[in-house]
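Okay, so here's the structure we're looking at.
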Amino acid sequence: MSTTFIEGSIAVAKTVGVCRPQVISAYPITPQTHIVEHLSELVANGELKCEYVNVESEHSAASVVLGASATGARTYTATTSQGFLLMIEVLFNIAGMRLPIVMTCVNRAVSAPINIWNDQQDSLTARDSGWIQLYAEDNQEASDMHLQAFKIAENKDIMLPVMVCMDGFILTHSFDPIELITQEQADKFLSPFTPQYYLTPKNPLSFGTMVGPDGYMETRYFIEKTMQVSLQVISDVAADFHNQFGRFQGGLIDTYKVEDASLVLVAMGSIIGTIKDIVDELRAKGQKIGVLKVRSYRPFPKDEIYKALSHVREIAVVEKAVSLGYGGILANEIKSVFYGKPKTPKINGYILGLGGRDITIDTIHQVIKDSVNVLSEEKFIGLNEALIKR
Amino acid sequence: MDKESGFKRYLKLDLLPTPWCPGCGNGIVLKTICQAFDELDLPKDGTVVISGIGCAGRSAGFFNLDSVHTAHGRAIPVAEGIKYANDALHVVVVSGDGDLLGIGANHLLHAIRRKTNITVVCYANEIYAMTGGQASPITPHNTKTLTTPDGNPDYPTDVQFLFKHHNGYFARTSAYHLNHMKKCITESLEFNGFSFVEVRTMCIVNYGRRLGYKNSNEMLMHYKELYKINDYAEELAQDEIGIIKSSS
């Protein structure tokens, strides 16, 4: 298969385009803009038959796709950071109404102070919203994930929205050789959206109607149950994708040299690539080290993670977000994987790269050095000591 | 005692130059706001500037005054909060058209209604410039931008009528008309109620050059040729700048 040297954002936009969305609505925010600008171009030059709606805010963008999806249209939006936070009210609505919208959350730090650079605080803040959250390691995966996302979301046993998370700038603005998905391939993989229920005068329905204490709790119960069902569907869709395209970037998780490892680093997103390089470097020196990528963060694949890591002595979770007042978000969830199990490894959590601070090979070496030595409280790595002591 | 430095006393001169592109009109507006402050001799310890997000939003940090850089669109309610907490302060919002008339337009509507005694200066460049040039709420119909490559299908908003209805102060001016701009901003600062000055200003890098303007000066000359001054009018036509008559 041939590759195209292309910017991550444009690759994502092209994949979304061949998924044949019928309504797209978005509001510009750095570093999401290139994705939606390219989609508006595809619509303008007639390559994509779709309504593209420029709106006055992300709250409106999410609301437009909510409305469109409720009528049975395939819909898409994209945002990041502050725009994502402004959308959150509607994101809960979308999940509660079981609308299979696909969105890209370009990961960026949140204000204040304002910062446009990458970390993963935005999407992790909405982990409890009822959206399926997938995290892409590189631009090929980010591009491919959008095709998979529509198939997962629109599965009649799922009918939940899916968010594809990709690191801002590090992925969106970098150029890579990408195997782009053709229209023919996309059509073969993804059937047209045929919802079982949607707004039509022939069969009047209400979405999101007031429900009292007698029925609300069950809506949450059903979403939680569906999330558990989606574990299998996400794996199956990744396997289907592998069959048709020959590319596999993991189902719920992916592992690299974990089988015989005594230390495994756990992470999400583009940082995985940096860690893999270090794994190779240290393996060459005889250190038994590996990396586990959490690809599906919601639903959280506890069983798969346990199965992959049950033999490991030490785990270091590295993450670009923090639950202020609690520590590392992913680290604490990884710890919960081992609750009640016969053998618990040493699990250390490391917070790094916030607001775009560089994660260098040296940063990861610091993590490994620290992790091998002690069982520590969660630590910030790569702090500027001069600023702290000021 | 800081009178000797004139308008410059309101600027953090050590932070200059601003981050704005060569040819941007924002610096002209920033300077004129400071000149209006100077004309009224606004106290540095009694004046606060609030801005939202975007190119214009970067202004707040350049004032040598207390300032707040708010979330996108929220400058007006934050300014209202400050004013209601300390009525003695001169409270000035400095932000752009995307911020004030797009994502934050709801707040504008209700601040007019509440007649909160604050002043808003809107850098109106017709584009979301900071993000690279996407259609804003006042991008003219049929104009090509990065999100309207086929021409803008929507029509620009014009908020002068809201002010007319609620007896607020509204003025439209341009980066070319320096004396008029200063007059409008000075009047708006003196106005007892909610006041709004829309300053038409040029973005060459992410807007004008895509429309065929060779340089920023051509955009400035366009304002010169297009706009006729019509102060204290009942209503401003699209090719007019001026002040809307208000009975309060």
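The values are calculated or read from the model by the stated rules, or taken from the named source; none is laboratory data. Since the model is a prediction, treat every value here as computed from it, not as a measurement. Every residue, glycine as well, gets a Cβ built from its backbone with ideal geometry; the counts of neighbours run over all protein chains shown.
Brief remarks on what is shown
- The conditions of being farther than 26 Å from residue A:363 by Cβ and crowded, with 21+ Cβ neighbours inside 10 Å are not met by residue A:271.
- Checked against the criterion of being under 26 Å from residue B:134 (Cα atoms), assigned to a helix (DSSP H, G or I) and touching a helix residue (DSSP H, G or I) at 6+ places or on another chain (Cβ under 9 Å), segment B:7-27 contains one or more residues that satisfy it.
- Here the condition is being modelled with pLDDT under 95 and either assigned to a loop (DSSP other than H, G, I, E, B) or crowded, with 19+ Cβ neighbours inside 10 Å (or both); of A:191, A:206, it holds for A:206 alone.
- Qualifying residue in segment A:115-122 (condition: assigned to a helix (DSSP H, G or I) and within 14 Å of chain B (Cβ to nearest Cβ)): yes
- Leading residue by the ranking (nearest to the chain's Cα centre (by Cα)) among those in segment A:61-114 that are among the hydrophobic types (A, V, I, L, M, F, W, C) and part of a strand (DSSP E or B): A:105
- Residue pairs meeting the criteria (Cβ under 6 Å; at least 6 apart or on separate chains; first within 12 Å of chain B (Cβ to nearest Cβ) and farther than 19 Å from residue A:146 by Cβ, in segment A:55-84; second outside any loop (DSSP other than H, G, I, E, B) and among the acidic types (Asp, Glu)): A:81/A:122
- All of B:78, B:49, B:91 fail the test of being over 18 Å from residue B:129 (Cα atoms), more than 10 Å from chain A (Cβ to nearest Cβ), β-branched (Val, Ile, Thr) and in contact with a Phe, Trp or Tyr (Cβ under 7 Å, 6 or more places away or on another chain), apart from B:49.
- Residue in segment B:122-134 that is over 14 Å from residue B:55 (Cβ atoms), outside any helix (DSSP H, G or I) and either over 15 Å from the mean Cα position of the chain (by Cα) or in contact (Cβ under 8 Å) with a residue 40 or more places away in the chain (or both) present: no
- When residue B:58 is tested against (1) closer than 28 Å to residue B:209 by Cβ; (2) modelled with pLDDT of 95 or more, exactly one condition is not met: (2).
- Among the candidates A:248, A:222, A:241, residue that is assigned to a helix (DSSP H, G or I) and within 25 Å of residue A:276 (Cα to Cα): A:241
- Selection status of residue B:224, surrounded by fewer than 15 Cβ atoms within 10 Å (Cβ to Cβ) and over 22 Å from residue B:30 (Cβ atoms): no
- Selection count where residues are in contact (Cβ under 8 Å) with a residue 12 or more places away in the chain and within 18 Å of the chain's Cα centre (by Cα), scope segment B:8-37: 20
- Here the condition is being on the phi < 0 side of the Ramachandran plot and at pLDDT below 95; of B:166, B:180, it holds for B:166 alone.
- Qualifying position, being out of contact with any helix residue (DSSP H, G or I) (no Cβ under 8 Å at 6 or more places or on another chain), more than 14 Å from chain A (Cβ to nearest Cβ) and farther than 23 Å from residue B:102 by Cβ, among B:182, B:228: B:228
- Criterion: buried (at least 19 other Cβ atoms within 10 Å of the Cβ) and not in a helix (DSSP H, G or I) - qualifying residue of B:73, B:57: B:73
- So residue A:13, is it away from chain B (no Cβ under 11 Å) and closer than 30 Å to residue B:55 by Cβ: yes
- Conditions (1) more than 17 Å from residue B:191 (Cα to Cα); (2) small (Gly, Ala, Ser); (3) touching a Lys or Arg at 6+ places or on another chain (Cβ under 6 Å); number of the one not met by residue B:95: (3)
- Top-ranked residue in segment A:40-54 [being facing chain B (nearest Cβ under 9 Å) and in a helix (DSSP H, G or I); ranked as surrounded by the most Cβ atoms within 10 Å (Cβ to Cβ)]: A:40
- Residue match in segment B:230-240 (condition: at pLDDT 95 or above and among the hydroxyl-bearing types (Ser, Thr, Tyr)): no
- Hits in segment A:278-314 - residues which are basic (Lys, Arg) and touching a Phe, Trp or Tyr at 6+ places or on another chain (Cβ under 8 Å): A:293, A:295, A:298
- Some residue of segment A:307-326 being closer than 24 Å to residue A:166 by Cα and either assigned by TED's automatic domain parsing to the domain that holds residue A:128 or surrounded by fewer than 14 Cβ atoms within 10 Å (Cβ to Cβ) (or both): yes
- Residue check for residue B:211: closer than 19 Å to residue B:136 by Cα and surrounded by fewer than 17 Cβ atoms within 10 Å (Cβ to Cβ): yes
- Residue within segment B:140-157 that is under 18 Å from the mean Cα position of the chain (by Cα) and among the hydrophobic types (A, V, I, L, M, F, W, C) present: no
- Screening residue B:88 against (1) in contact (Cβ under 8 Å) with a residue 24 or more places away in the chain; (2) crowded, with 21+ Cβ neighbours inside 10 Å; (3) not basic (Lys, Arg) leaves a single unmet condition, (2).
- Inside segment B:78-107, residues that are closer than 21 Å to residue B:128 by Cβ and part of a helix (DSSP H, G or I) make up a count of 11.
- Any hit, segment A:231-248, residues being closer than 30 Å to residue A:108 by Cβ and more than 22 Å from the chain's Cα centre (by Cα): no
- Residues within segment B:11-26 that are surrounded by fewer than 16 Cβ atoms within 10 Å (Cβ to Cβ) and closer than 20 Å to residue B:177 by Cα, tallied: 1
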